[in-house]
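These notes concern the structure reproduced below.
The values are calculated or read from the model by the stated rules, or taken from the named source; none is laboratory data. Remember, predicted model here, so these are calculated numbers, not experimental data. No Cβ is skipped: glycine too gets one built from the backbone with ideal geometry, and neighbour counts run over all protein chains shown.
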Amino acid sequence: MKITGVKIKTMEIPLLERFRISSGASSVSLTSIIELETDEGLTGYGEGVASRYVTGENLEGMVNAINILVRSIIGLNPLDLEQIYWTMEGLMVRNSGAKAAVDIAIHDLVGKILQQPIYKLLGGYQDYFLTDLSLGISDPETMAQKSKKAVEQGFDTIKIKVGTTFKEDISRVKTIREAVGPDIVLRVDANQAWSPKEAVKIIDKIAEFDLEFVEQPVPAWDIDGLAYVTEHSPVPIMADEAVLNARDAFKVIKEHGSDLINIKLMKCGGIREAIKINTIAEASGVKCMLGCMISETNVSVTAAASLGAALKNIMTGDLDSIFALKELPVKGGVSAQGKKLMLPQAPGLGLKTDLLHF
Ligand code: MG
């Protein structure tokens, strides 16, 4: 079987409500879904999301990059994963959203060729993956109401976006803890909002509300600062924007930059690179989370959940973008029962793509 071409469909899907984090806000999902074609009629589906602030991509550039990447792998067999990986890496640096779209579609094809769901091919540790629910930045009372609603919907882990003022951030965490009680797991994400010393100061204050971890407290480029916070924080620190790919993971772990790593397919370029990050982390005693970008639909979230379910060291998920979208572009894939994302048993990603018109 040979790869013969690609069709790309860009989509604009409204979010149920505006989602705000410390570095910006969004009301719409901008994404591209791809159909990778083969000479035997089998097709694989993938998705790429552009994140200007994390990976430096935009949608238009990403579509161009996907076309260029696929041109370079035409004629290759989808099963030759290592050949495909190095062909794409040799062609261009970065462009991780574009590479992720192609990599996910290749894995979907591999699953279909071997007649196995992707989570089985990748390790099959379990057939489900648990996710949290993230609350965008808003006033503390509104966030507390939303956290209570999330608990009623079956979520037991809430991620709190912070990064405005100290007073407001402390009030957010305190009000939400009081609203949900002691048994709900709370994690905090500052999205690079603080300096290292600010981070230590505020984490010292919010630690009393029993936090699982604090994510990316300082700017992505500041590995020394991240290590400073990790050393001085009473709460475990997770690297997100600071770790895009496997080399970043190695560097951050070597510098004792964080206790935990947030892997995202759109940051690293897909499943194959994500496995490398997890392997480095696992060998270093660092647990991983699998996260997503706000624009991701159930195409790439199914791929991410498959990887999360497959590997033991990926201990938790932040794959909640599918709950924020007004509609999903395809049927099939993961089915959500509250926090529990059940993986499809159908081959590949198990997507029903008849609604997509390329
Ligand atoms: Mg984050």
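Any residue at all in region 286-309 that's more than 16 Å from the ligand (Cβ to nearest atom), over 28 Å from residue 56 (Cβ atoms) and in the same structural domain as residue 130 (by TED's automatic domain parsing)? Yes, region 286-309 contains at least one residue that is more than 16 Å from the ligand (Cβ to nearest atom), over 28 Å from residue 56 (Cβ atoms) and in the same structural domain as residue 130 (by TED's automatic domain parsing). Starting from residues that are more than 16 Å from residue 316 (Cβ to Cβ) and outside any loop (DSSP other than H, G, I, E, B), keep the ones in region 178-189 and report whichever is nearest to the ligand (Cβ to nearest atom). Taking the candidates together, the pick is 180.
Within region 210-227, the residues that satisfy the criterion of being in a helix (DSSP H, G or I) and either of a type in the set (Gly, Ala, Ser) or buried (at least 19 other Cβ atoms within 10 Å of the Cβ) (or both) are 223, 225, 226, 227. Residue 192 meets the stated requirement of being within 16 Å of the ligand (Cβ to nearest atom), touching a residue at least 12 places away in the same chain (Cβ under 8 Å) and outside any helix (DSSP H, G or I). Among the numbered criteria (1) assigned to a helix (DSSP H, G or I); (2) surrounded by fewer than 21 Cβ atoms within 10 Å (Cβ to Cβ); (3) touching a helix residue (DSSP H, G or I) at 6+ places or on another chain (Cβ under 6 Å), which single criterion is violated by residue 207? Going through (1) assigned to a helix (DSSP H, G or I); (2) surrounded by fewer than 21 Cβ atoms within 10 Å (Cβ to Cβ); (3) touching a helix residue (DSSP H, G or I) at 6+ places or on another chain (Cβ under 6 Å) one by one, residue 207 breaks only (3).
Look at region 207-232: where a residue is under 17 Å from residue 189 (Cβ atoms) and a partner is within 14 Å of the ligand (Cβ to nearest atom) and among the basic types (Lys, Arg), sitting 6+ places away or on another chain with Cβ atoms under 7 Å, you get 211/187; 212/187; 213/187; 215/187.
A single entry from 230, 175, 279 fulfils the requirement of being hydroxyl-bearing (Ser, Thr, Tyr), within 16 Å of the ligand (Cβ to nearest atom), outside any loop (DSSP other than H, G, I, E, B) and modelled with pLDDT of 95 or more: 230. The condition of being within 20 Å of the chain's Cα centre (by Cα) and of a type in the set (Lys, Arg) does not hold for residue 254. Checking the structure you have, find out if any residue of region 91-99 is surrounded by 23 or more Cβ atoms within 10 Å (Cβ to Cβ), outside the structural domain of residue 336 (by TED's automatic domain parsing) and in contact with a Cys (Cβ under 9 Å, 6 or more places away or on another chain). Yes, some residue in region 91-99 is surrounded by 23 or more Cβ atoms within 10 Å (Cβ to Cβ), outside the structural domain of residue 336 (by TED's automatic domain parsing) and in contact with a Cys (Cβ under 9 Å, 6 or more places away or on another chain).
Looking at 47, 60, just one residue is farther than 21 Å from residue 247 by Cα, outside any loop (DSSP other than H, G, I, E, B) and free of Cβ contacts under 8 Å to residues at least 12 places away in the same chain, and that residue is 60. For residue 249, state whether it is buried (at least 23 other Cβ atoms within 10 Å of the Cβ) and not assigned by TED's automatic domain parsing to the domain that holds residue 22. Taking the combined requirement at face value, the residue satisfies it. Search region 249-266 for residues being out of contact with any Ser or Thr (no Cβ under 7 Å at 6 or more places or on another chain) and away from the ligand (no atom under 14 Å from the Cβ), and hand back the single one that is nearest to residue 295 (Cα to Cα). The qualifying residue nearest to residue 295 (Cα to Cα) is 249.
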